[in-house]
Amino acid sequence: MYLADLKTSRRAVQFDRSRLHIEDIVDIAHGKASAMLSTEPEFRAAIARGADFLDRLLREDGTIYGVTTGYGDSCTVTIPADLVAELPHHLYTYHGCGLGGYLNPAQTRAVMATRLASLAKGFSGVSVELLEQIARLLDAGLLPLIPSEGSVGASGDLTPLSYLAAVLCGEREVWHDGVHVPAAQALGAAGIRPLRLRPKEGLAIMNGTAVMTALACLAYDRAAYLAQLTTRITAMASFALDGNAHHFDETLFSVKPHPGMQEVAAWLRQDLPAGQAERNGKRLQDRYSIRCAPHVIGVLADALPFFRQAIENELNSANDNPIIDADNERVLHGGHFYGGHIAFAMDGMKNAVANLADLLDRQMALLVDSRYNHGLPANLSGMEGPRAAISHGLKALQISASAWTAEALKLTMPASVFSRSTECHNQDKVSMGTIAARDCLRVLELTEQVVAALLITVRQGVWLRCRLNPAQPLAPALAQMMEVLSADIAPIEEDRRLEPDLRVLLGRIDEQYWNLYA
């Protein structure tokens, strides 16, 4: 549900029991939206029923996993009544063993919003106050410092989410305006009182799939944009190589009915002038990295709806254990913390995305090689005259793009098949969903670096083709893309250091700067 945020120009995403979308989490992550907990009495009463039901069970000496028992394999250990209140503190304390780089602020906001979404479903037995505390921290920009490594993806993201639980209680550290600050100090300065967790609340925060799901939302957003950007680059590469637009003919693609692939071919038809297929002296069939580009990009395009369904179903699930069915007064013990769907989606996505890097790497190899680029200079050097002999154009850039591609391809080994038996064989089959999501983000990062290299390459290639054949028309979409790219990247005549250009382009990719296809 979307509401007007009167304090800022950002839209507000309301957290209640209604369905959220990937874009809601992405916008919160990037500061384009704020998180607002519903004030509807019916919603708040539904949340309170779960907490009240657990309180009654405790008063009646009910046995509740993770509330009156130890955790995991220690579920056979009964907790003395006078120590029940301390158990959540112990849970997040002993899970404070994460390592690796910290999640960045955008990823951390996504994690917090994703956990809030699950707990707001009303099946976790938590208080309204806990939900409000997460929303307060998001609003104040107090973001837990969460190490990225240490989760096997079942029982959920225990170790990384322990850092959220601890910060809600004023412990450990937070990001605030890009600086690491002790949580107690930051909460005090913001006028936020540290939370005292109720008996099941530590387990409810930690025993779920919020980290992998949050990262998956961010990965989906980047992958969907790369499908379009790779298509635009392919069109520019085809033009620069004096390729055949008839490879993307509508009738040709009508006989192979993959809708995502057909959409990619339709985008290419928009970008390439009809006359490009009709000139004499052409090679009958372009090489596969051009001719089969819709078939490669189309795999990702066709997989995106499945990825969205899997990610959004997880986002909108109650995924801790046990599930509290307050309306029917039942405590249901299960395994909803298992992140198998996210693991499978992320393993599939990183494979499809790495194939984009490989496709572009092959296109670049054609563009810089004077044996295959149909009359363009070697390495796409723009220098003419005597100094052409010492000008090497994009020679080194191709080496770097190849390195980034190789690393992306190396990371496509599926994480989900590397389940490990942990925790005294209680967690004897685990999802590895968070590792898969982290791998996917790294593959996306590497592929975006290849994309940046190809943007320089196709900008240079189209410029050279137009210099060679001034009468050759550019379709409006490509002409506009060239104009926008030219504002960031000058033609390469005299050799120059290209790292600054690459970093500018990576910034443009990150902000999804170019409007591509409707």
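The values are calculated or read from the model by the stated rules, or taken from the named source; none is laboratory data. Note that the coordinates shown come from a computational prediction; the quantities given were computed from them, not determined experimentally. Here the Cβ is made from the backbone with ideal geometry for all residues, glycine too, and neighbour counts use every protein chain on show. Keep in mind that these areas ignore ligands, DNA and RNA; they rest on the heavy atoms of the full protein, side chains included. Shrake-Rupley method; radii C 1.70, N 1.55, O 1.52, S 1.80 Å.
Listing for the model above:
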read-out: Extension gain, residue 479 back to residue 184 (0.36 nm per residue minus Cα-Cα distance, nm); value: 100.7 nm
read-out: Under the Karplus curve 6.51 cos²θ - 1.76 cosθ + 1.60, θ = phi - 60°, whole-Hz ³J(HN,Hα) for the range 318-328, x wherever Gly or Pro sits; value: 8, 10, 10, 8, x, 8, 9, 9, 5, 4, 9
read-out: 19 Å cut-off, amide nitrogen to a point 7 angstrom out along residue 442 Cα→Cβ, residues in the range 398-414; value: 401-414
read-out: Under 5 Å, built H, 5+ apart or other chain: amide partners of residue 427; value: 422
read-out: DSSP beta bridge pairing in the chain, given as percent antiparallel to the nearest 5; value: 75
read-out: Label-point gap, in nm, between residue 371 and residue 468 - each point 7 angstrom along Cα→Cβ; value: 1.7
read-out: Percent RCO, i.e. relative contact order, over the range 114-173, from Cα pairs under 8 Å lying at least 6 residues apart; value: 27
read-out: Per-residue ³J(HN,Hα) for the range 35-49, Karplus 6.51 cos²θ - 1.76 cosθ + 1.60, θ = phi - 60°, Hz, x for Gly and Pro; value: 9, 10, 6, 4, 9, 4, x, 5, 5, 5, 5, 5, 5, 5, 4
read-out: Portion, in percent, of the accessible area of the range 348-484 that falls on carbon or sulfur, probe 1.4 Å; value: 56
read-out: Length added when fully stretched, residue 250-residue 330, from 0.36 nm per residue minus Cα-Cα; value: 23.1 nm
read-out: For the chain: accessible area per residue (Å², 1.4 Å); value: 42
read-out: Spin-label proximity, residue 258 to the range 296-318 - amide N less than 14 Å from point 7 Å beyond Cα toward beta carbon; value: 296-306
read-out: Debye log10 I(q)/I(0) for the range 399-490, one point scatterer per Cα, at q = 0.16, 0.22, 0.24 Å⁻¹; value: -0.78, -1.03, -1.11
read-out: Projected label distance in nm at residue 389 and residue 287, using a 7 Å step from Cα toward the beta-carbon; value: 2.9
read-out: Taking the chain and dividing mean pair separation by its residue count, relative contact order in percent (alpha carbons under 8 Å, at least six apart); value: 16
read-out: Percent accessible area from carbon and sulfur atoms, the range 199-247, protein chains only, probe 1.4 Å; value: 49
read-out: Inter-site label distance for residue 77 and residue 55 at 7 Å from Cα along Cβ, in nm; value: 2.8
